[in-house]
1. Closer than 13 Å to A:Leu75 by Cβ and more than 10 Å from the chain's Cα centre (by Cα), is that true of A:Gly199?
2. Filter the stretch B:49-85 down to the residues that are in a strand (DSSP E or B) and over 22 Å from B:Val38 (Cβ atoms), then identify the one that is nearest to the other protein chains (Cβ to nearest Cβ).
3. B:Ser9 passes all but one of (1) within 14 Å of chain A (Cβ to nearest Cβ); (2) in a helix (DSSP H, G or I); (3) buried (at least 19 other Cβ atoms within 10 Å of the Cβ); which number fails?
4. Output the residues belonging to the stretch A:347-374 that are assigned to a helix (DSSP H, G or I) and either surrounded by fewer than 22 Cβ atoms within 10 Å (Cβ to Cβ) or at the interface with chain B (Cβ under 10 Å from one of its Cβ atoms) (or both).
5. Look at A:Asp344 and say whether it is under 20 Å from A:Ala391 (Cα atoms), among the acidic types (Asp, Glu) and within 11 Å of another protein chain (Cβ to nearest Cβ).
6. What number goes with the only condition from (1) closer than 18 Å to A:Asp27 by Cα; (2) modelled with pLDDT of 95 or more that A:Cys362 does not pass?
7. For the stretch B:17-45, which positions are outside any helix (DSSP H, G or I) and away from every other protein chain (no Cβ under 14 Å)?
8. Give the residues of the stretch B:73-89 that are under 16 Å from B:Lys128 (Cα atoms) and of a type outside the set (A, V, I, L, M), sorted by residue number.
Amino acid sequence: MFDITKIRADFPILNETVNEQPLVYLDSAATSQKPQAVINALSRFYSHENANVHRGRHTLSENATRNYEQTRTLLADYFSVKSNEIVWTKGATESINLIANGLASRLNPGDKIALSAIEHHANIVPWQQLAQRTGAEVIILPIENDLTINSVHCSEFIKQQEPKIVAITHASNTLGNITDLAPIINACKAINAISIVDGAQAAMHLRPNLQEISCDFYVFSAHKMLGPTGLGGLYGRFELLNSLDVYQTGGEMIETVNLTHSTFRDAPGKFEAGTPNIAGVIAFSEAINYLISLDFQQMRQHEHTVFDYAIKQLSAIDGINIYSNQTDNIGNISFNYRDEHPFDLATLLDGFGVAVRSGHHCTQPIMSHLGIPGTVRASFALYNTKADVDAFISAVKSSIELLD
Amino acid sequence: MNSAFEAVSKNIETAAGWQQKYRQIMLLGKQLPVMPEVLKVDDALVKGCESKVWLYIDFDHTENSLVLAGDSDTRIVKGLLALILALYNGLTPEQAAQINAYDEFERLGLISHLSPSRGNGIKAMVDKIQTMAEQKQ
């Protein structure tokens, strides 16, 4: 059973007060909070286990290497893929850059790279840069008026336009909207396009089975999955992953080096140049263990209940505009109050101890589409409750009174 | 301290609780003259703000004083901007250089708004005005 009281007790920060108010943390889309086990693991590593990995035959180094590689296997299991298909990076952004860079040599002038209109800047800018370098062209997948992605429309577009690369989010960071990936990935396969899915938001909420999704690449950030900051990674279908051009070069990733020529290890090693974020990876294993200790259906049910309640309460407030899809959503609600600036509302909410984010959320194309400077985004995670929603709604109402 | 600033900051200083403080700040913003749309150009934008802040800093050579005008698309930043304008408008460069905006915001219990991470550009505005004052001395 999903014991929310016990779960909340596992996240020490949830007991904090900010601005003399109990913290109501609704910014998990920016970064999730960390369970005590993750915090302990970081401290334990530096106190008792610190050593470099993949070299040195001393015990600490061997233990560190084993724990580091076991986390890779653990995450591979979480995603239902093989461990040599997981590469560690510093985050989803670096993962996309690594993939874009690695695909450069197979693009020709006039080739197309298709993106959706609701991507995070991290899944737009690297592709624009790649297009500039190679003479390829960025094209935008069709988007519905309500900012949802219609997979059928997108699939038709992909078959028509025949892009070489399709990069699409599994769930929008700004809106929370979940993409129905299957038809899109099928369309990619039909025309031999390489598919890259941005899983930064979805990796924790949807526990994706990547074998089923069968995309070519899937990127994620550990800190949005209860893990430490400064760590993320990617899944890549092995043959394709291993054939990518290397991103950064140096130590660790090589097989042999002489002064004029070097050979590289196979994936994933060849994409992990230099000393990696060892403490982060090892502590991340506690985050994955934490997630898999929860029954997925029960966790999603809980998240749905809290999200539906928040949508219902928020919609009932006169003057609130909600931009998020209210059914297929990981738990991010983007909204505004009348034509008030989101900055003002978010600042006042902070005064009530409610942590939300305001702004364009690194998705300026969405804001242009909506004709607004930004939104207030309340994003929920497994540790949020209906009581959080009540505190949030009460703070929204009080803030509105101050604004009116 | 100049009297214009004293007049506008009094209500903030005596406000009971943070909510009243914000209410007073937003009221101040409302009283700021509306900037004509033609002046709201990108060149006048203060960089590094989540909200938009247009700031004009001019120097009146006959009066030897700073002439400031500004606007923002958010209520709170506009109110804070009004405070800054009241603090510096009409001062000679020497007088302006003497002003410590941080101390004043501290006194009003608004110091957190000057922190760089806030992204509201208050710090950038103050820096810009101080730079101008130094140049004109």
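The values are calculated or read from the model by the stated rules, or taken from the named source; none is laboratory data. Being a predicted model, the structure only gives us computed values, none of them experimental. Positions of Cβ are backbone-derived with ideal geometry, glycine not excepted, and every protein chain shown enters the neighbour counts.
1. When the stated conditions are applied, A:Gly199 does not pass them.
2. Only one residue fits best here, namely B:Leu66.
3. So B:Ser9 meets the others, but not (1).
4. A:Thr347, A:Leu348, A:Asp350, A:Gly351, A:Gln364, A:Pro365, A:Met367, A:Ser368, A:His369, A:Leu370
5. For A:Asp344, the condition - under 20 Å from A:Ala391 (Cα atoms), among the acidic types (Asp, Glu) and within 11 Å of another protein chain (Cβ to nearest Cβ) - is met.
6. Of (1) closer than 18 Å to A:Asp27 by Cα; (2) modelled with pLDDT of 95 or more, only one is false for A:Cys362: (2).
7. Those that are outside any helix (DSSP H, G or I) and away from every other protein chain (no Cβ under 14 Å): B:Leu32, B:Pro33, B:Val34, B:Met35, B:Pro36, B:Val41.
8. Once the filter is applied, which keeps residues that are under 16 Å from B:Lys128 (Cα atoms) and of a type outside the set (A, V, I, L, M), the stretch B:73-89 yields B:Tyr88, B:Asn89.
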